[in-house]
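Heads up: the structure comes next, in structure tokens.
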Amino acid sequence: MTTLQVGGPARYFVEAATRAEIGEALDYAGSRQLPLFILGGGSNLVISDCGWPGLVLKINLLGIEALPGHGKIVFRVAAGEGWDAFVALAVSKDCSGIECLSGIPGSTGGTPVQNVGAYGQEVSQTITSVEVLDRETGQVRSLSNHECQFSYRTSVFNSAAAQHFIVMNVTFQLQPGGAPRFQYADLQRYFAGWPAPPTLSQVRDAVREIRRGKAMLIVPGDDDCRSAGSFFKNPVLSEAGYRTLTQCVANLAHIASPPAYPTSDGRVKVSAAWLVEQAGFARGTVRGPVGISSRHALAIINRGGASAADIITFKNEIENAVREKFGVSLMAEPVLVGFDPVNPGQAQG
């Protein structure tokens, strides 16, 4: 059920294709006081070896509606729809806004949770509303973009109201006939020397090809793809924190300044991949059944037969090395399920 392919079993499992089935599952868990976990596409998860002691509810709501809206096209997408399939549909209809998010695995309902982003785009730039089921009241309500409280890899769904809502539908507003976005460095290099600006379809194809080259596209049989995607978020530092980092780097021999990008709020986003590699974890690093992808420094991979404990032990080793060398704390991007909230590296019994 997950792209990383580690973790123990669920005590109970339900795949819900209708709102009624979701309601029945919630009633079942509530009446038996079972802990509940909502599963989407399984692409951004680490499940503990103990598994889940309660009920796992996989959302499989399907359906896409396209509606005109003030010169743009509004797509209302059910949570269970595959994300990349929706991107392909939008591009085929010549609608821009999410073309750089091609090739990202998982379901559409999971995209607002972590404000999925890549190559200069984030879903928050096009989401107008998210329809959710309130687990406490049982009522369905619509949250505006503002109410979703989007920021870098964060939303109300994984912060202030984590576990409070079940995403049912996501509404996107895209631009018909809009120009594709290819300001990101990898894409600019890809299209350098082209005689004409690329089309939306060409940008989508390029993103998928670049992701494939970094083992960030799920390809059956490719061991480098047995991962949860980028395992660490790019740290966002205050100006003072960034100065401290650059001074630390200046005191080290033969290391150039880290790649960094200013944010809209005056802080600085630093490359987590650079920190990981400079801390001694090159691409292709191996630790028994786990390692780092040979093509992407942020992808921790299950080389075959790994346990969740192996993944977490390796994660901790990397975090400790980066903290010791650079004074920067990395944050894991995947959701850790079945682990002690006080000590995330420790599975709950």
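The values are calculated or read from the model by the stated rules, or taken from the named source; none is laboratory data. Keep in mind the model is a prediction, meaning the values are calculated, not measured. Every residue, glycine among them, receives a Cβ derived from its backbone with ideal geometry; neighbour counts consider all protein chains shown. Quick note on the areas: whole protein, heavy atoms, side chains included, nothing else; ligands and nucleic acids left out. Shrake-Rupley method; radii C 1.70, N 1.55, O 1.52, S 1.80 Å.
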**Asked** If you go through region 246-264 one residue at a time, do you hit one that is in contact with a strand residue (DSSP E or B) (Cβ under 6 Å, 6 or more places away or on another chain) and hydrophobic (A, V, I, L, M, F, W, C)?
**Response** yes
**Gly345 open to solvent by 50 Å² or more (accessible area, probe 1.4 Å) and at pLDDT below 95** = no
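Inside region 24-55, can you point out the residues that are open to solvent by 50 Å² or more (accessible area, probe 1.4 Å) and not aromatic (Phe, Trp, Tyr)?
If the condition is that a residue be open to solvent by 50 Å² or more (accessible area, probe 1.4 Å) and not aromatic (Phe, Trp, Tyr), then Glu24, Asp27, Gly30, Ser31, Arg32, Gln33, Pro35, Asp49, Cys50, Pro53 are the ones that fit.
Scan region 258-273 for residues that are of a type in the set (Gly, Ala, Ser) and either touching a helix residue (DSSP H, G or I) at 6+ places or on another chain (Cβ under 6 Å) or loosely packed, with under 12 Cβ neighbours inside 10 Å (or both) and jot them down.
Ser264, Gly266
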**Request:** State all residues of region 172-197 that are open to solvent by less than 20 Å² (accessible area, probe 1.4 Å) and in contact (Cβ under 8 Å) with a residue 60 or more places away in the chain; if no residue qualifies, say none.
**Result:** Phe172, Leu174, Gly178, Leu187
**Fill in**
Scanning region 278-332 for residues that are β-branched (Val, Ile, Thr) and touching a residue at least 40 places away in the same chain (Cβ under 8 Å) gives Ile300, Ile301, Ile311, Ile312, Ile318, Val322, Val328
**Request:** Could you look through region 118-144, keep only residues that are charged (D, E, K, R), in contact (Cβ under 8 Å) with a residue 12 or more places away in the chain and open to solvent by 60 Å² or more (accessible area, probe 1.4 Å), and pick out the one that is farthest from Lys72 (Cα to Cα)?
**Result:** Glu136
**Asked** Out of (1) outside any helix (DSSP H, G or I); (2) open to solvent by less than 10 Å² (accessible area, probe 1.4 Å); (3) on the phi < 0 side of the Ramachandran plot, what's the single condition that is false for Asn115?
**Response** (3)
**Request:** Please work out if Ser107 is open to solvent by 10 Å² or more (accessible area, probe 1.4 Å), under 15 Å from the mean Cα position of the chain (by Cα) and among the polar types (S, T, N, Q).
**Result:** yes
**Prompt:** Applying the selection to region 274-316, what residues are crowded, with 19+ Cβ neighbours inside 10 Å, of a type in the set (A, V, I, L, M) and within 15 Å of Ser230 (Cα to Cα)?
**Reply:** Leu275, Val276, Val290, Ile292, Ala297, Leu298, Ala299, Ile300, Ile301, Ile311, Ile312
**Message:** Restricting to region 82-102, count the residues that are in a loop (DSSP other than H, G, I, E, B) and surrounded by fewer than 22 Cβ atoms within 10 Å (Cβ to Cβ).
**Reply:** 2
**Prompt:** Residues of region 285-298 being farther than 20 Å from Arg323 by Cα, of a type outside the set (S, T, N, Q) and at pLDDT below 95, which ones?
**Reply:** Arg295, His296
**Message:** Under 8 Å between Cβ atoms, which residue pairs at least 6 apart in sequence (or on different chains) link something in region 207-218 that is on the phi > 0 side of the Ramachandran plot with a partner that is open to solvent by 60 Å² or more (accessible area, probe 1.4 Å)?
**Reply:** Ala215/Ser294; Ala215/Arg295
**Message:** If I ask for residues that are open to solvent by 60 Å² or more (accessible area, probe 1.4 Å), in a strand (DSSP E or B) and modelled with pLDDT under 90, which ones from region 56-76 would you list?
**Reply:** Leu67, Pro68
